[in-house]
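Presented below is the structure to which this report refers.
The values are calculated or read from the model by the stated rules, or taken from the named source; none is laboratory data. Just so we're clear, the structure is a prediction, and the values are computed from it rather than from any experiment. Positions of Cβ are backbone-derived with ideal geometry, glycine not excepted, and every protein chain shown enters the neighbour counts. Note: areas computed on protein heavy atoms with side chains; ligands, DNA, RNA excluded. Shrake-Rupley method; radii C 1.70, N 1.55, O 1.52, S 1.80 Å.
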Amino acid sequence: MPRDNHTNEFAVIGLGRFGASLARTLVNRGAAVLGIDRSPELVQQIADEITQAAVLDATNEAALREVDITAFQTVIVAIGSNFEANLLTTVALREMGIPNIICKALNLRQRDILLKVGANRVVLPEYEAGHRLALELTIPGMLGQIELGPGYVISEIKAPERVIGIPLGRSGLRRLNVNVLAVKRGDRLIVSPAQEFVPQPEDVLVVIGQPADIERCTAGA
């Protein structure tokens, strides 16, 4: 594995469903991946699909050094069921000077603790999936959303009736404090559409704004 800090090389610690899926996807995207887990069974299941796999206890700093973990710019701690191991691994990685540590957490309290001990970013797959589904179920036309903070999001929405057949400059979206960044039309992506652009019924708008303003837009208020 790496001897220099290359941005397309990753270590994934924890090869459960989330970690294994992440590792496989990274490899499919052309990255080199070192997968680590204390379970020989989980390591064996994925060993032939990723660049390198190792059985070890990631809370042991000496064991991590043996696999040259400090050569990686980004290490993902995907340990989900054992928060103590997740926490100790994160602390060890921070003490070893890993530049970018991304952790998986099961809830907001775990996220806050991991950020305090040195994680650069924490993802909550179950929480985020539930949040996205709730938005899709309760906001008409909502297809997905990314939180930017503070208070702003980028959302994918089906073109609201209020804008179909009307040039964007006369659609009233800006009065709602919603700006269109791009439009998906079939296989085409139209970036920064002009004010004269006319949305069609099957278009998907990529918009930026505050959640309440986007919800008003999709509701046709």
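Scanning the stretch 187-218 for residues that are open to solvent by 70 Å² or more (accessible area, probe 1.4 Å), more than 18 Å from Pro167 (Cα to Cα) and not in a strand (DSSP E or B) turns up Asp187, Gln210, Glu215, Arg216. On the given criteria, is Glu126 of a type outside the set (Phe, Trp, Tyr), within 28 Å of Ser81 (Cα to Cα) and either modelled with pLDDT under 90 or surrounded by fewer than 15 Cβ atoms within 10 Å (Cβ to Cβ) (or both)? When the stated conditions are applied, Glu126 passes them.
Within the stretch 13-37, the set of residues being within 19 Å of Thr70 (Cα to Cα) and among the charged types (D, E, K, R) comprises Asp37 only.
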